1. Tally the DSSP beta bridges in the chain and give the antiparallel ones as a percent, rounded to 5.
2. So what does Met172 come to for accessible area, using a 1.4 Å probe and Å² rounded to 10?
3. Provide Glu279, Glu72 ordered by accessible surface of protein heavy atoms (probe 1.4 Å), highest first.
4. Within 12 Å, Cβ to Cβ, of Thr30, how many net charges do the neighbouring residues add up to if Lys/Arg are +1 and Asp/Glu are -1?
5. For Cα pairs less than 8 Å apart in space and 6+ apart in sequence, what is the mean separation divided by the residue count of the chain, i.e. the relative contact order in percent?
6. In degrees between 0 and 90, to the nearest 10, how far off the longest principal axis of the chain does helix 116-136 point, with axes built from Cα atoms?
7. Does segment 238-301 come out rounded, prolate or oblate, given a ≥ b ≥ c as the square roots of the eigenvalues of its C-alpha gyration tensor, rounded meaning a/c under 1.5 and, failing that, prolate meaning a/b above b/c?
8. Among residues other than Arg132 whose Cβ falls under 12 Å from its Cβ, what is the net charge (Lys/Arg +1, Asp/Glu -1)?
Amino acid sequence: PETGRLALYLLGLRATCPPPDPSPQRFPVTWLKYYLEKDWAGSRRHGHPLTSYYQYSLGVLALCVHRKRVREEVIQRLLVAERHRRFGHAGGSAVDTEAVAALAFACLEREQLVGARLAAELRAAVRGTRARFVAAQSRDGFIGNVFSTPLAMQVFIATNTCRMQPAYSRAMAALLQRLDAFTSAAAMAQVLPVLHGRSYLDIASMQCREEPDTLTPLVLEPLPVGPGNVVVRLVVECPAPPCPQHLLYDRPVPALAGASLLDLLAAAPAQGTRNFTFETQDTPQGPFLTSVLGLAARPQERHYWQLLSGLGTSLQMGVADYRPEDGETVILRLSKW
């Protein structure tokens, strides 16, 4: 199900001040409600949504911003997952998912789309999320990582606690030092509201006024490739049961200085008689690695290709944005969230 993609579309549609006639919005809203139910059908077999709790939370948030009621059962599914800390995945941060769920909870209460008892449960869940964010803040000021920090900050903004929370000020100071990391449209959409002291919840109460159409498309020039060459060690690991061996690939890969990881994968040489192959899928966040050496990451089995440094830490960027340096090691690992 296209839960997350449709939710983003509806958030964007509301933010652009659509015409007063709600007819064009009814069709995607109906489909989103359908996708939420189809998405959750996976829980009967897998114990989690077919997509992810992030997309599921985003769907609830989008419906709330459009002031559409959500069945209590749908909300309770997220509350149960939040109470039992099911938002995380192996070796990764759950901050982004927790933040989107908390924004959905705060929206449902603010728009008075739930009863008093459920509203109290939602407030308690949001308070718990804020406390975890404060405790999880690293010394450099980020909450989770640089990309999840804006979503976490939106929770403080949406609940009017940013001014009284020192963690928010530290996160803002850290964020302002790393704005160059936000290169994709989806990442920019997360950070721009924070820079203006807003959250996704503000979309619901926007006062749409007649504005001149002064927007012009911005064509971004590709980042220049530096002079000379680099050599990056590329490693592919598969500790999961489907793989016959743990180490599938380990070769030095020469590339132009400043080349992206995506360029590096395209230049990777064969190992023995086996060519290096990979596949990607276009997403709002940029190309997403879906298959390496013929091994596909199966979302229904909660598998994904994790991008790691030689020290085993997450690269925190996608294949099109990350630019390895000379002598660096990059690990592609089939992991489970």
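The values are calculated or read from the model by the stated rules, or taken from the named source; none is laboratory data. Quantities reported herein were computed from a predicted structural model and do not represent experimental measurements. Glycine gets a Cβ as well: all are built from the backbone with ideal geometry, and neighbour counts include every protein chain shown. In case anyone asks, the SASA skips ligands and DNA or RNA and just uses the protein heavy atoms, side chains included. Shrake-Rupley method; radii C 1.70, N 1.55, O 1.52, S 1.80 Å.
1. Details: 27 of 32 bridges.
Antiparallel bridges make up about 85 percent of those DSSP assigns within the chain.
2. 40 Å²
3. The residues order as Glu279, Glu72, largest area first.
4. Details: positive: Arg26, Lys33, Lys68; negative: Glu37.
Taking every Cβ under 12 Å from that of Thr30, the sum is +2.
5. Details: 499 pairs, mean separation 47.2, N = 337.
Dividing the mean separation by the residue count of the chain yields 14 percent.
6. The two axes meet at around 40 degrees.
7. Numbers: a/c = 2.37, a/b = 1.10, b/c = 2.16.
Here segment 238-301 falls in the oblate category.
8. Numbers: positive: Arg85, Arg127, Arg130; negative: Glu82, Glu98.
Net local charge, Arg132 excluded: +1.
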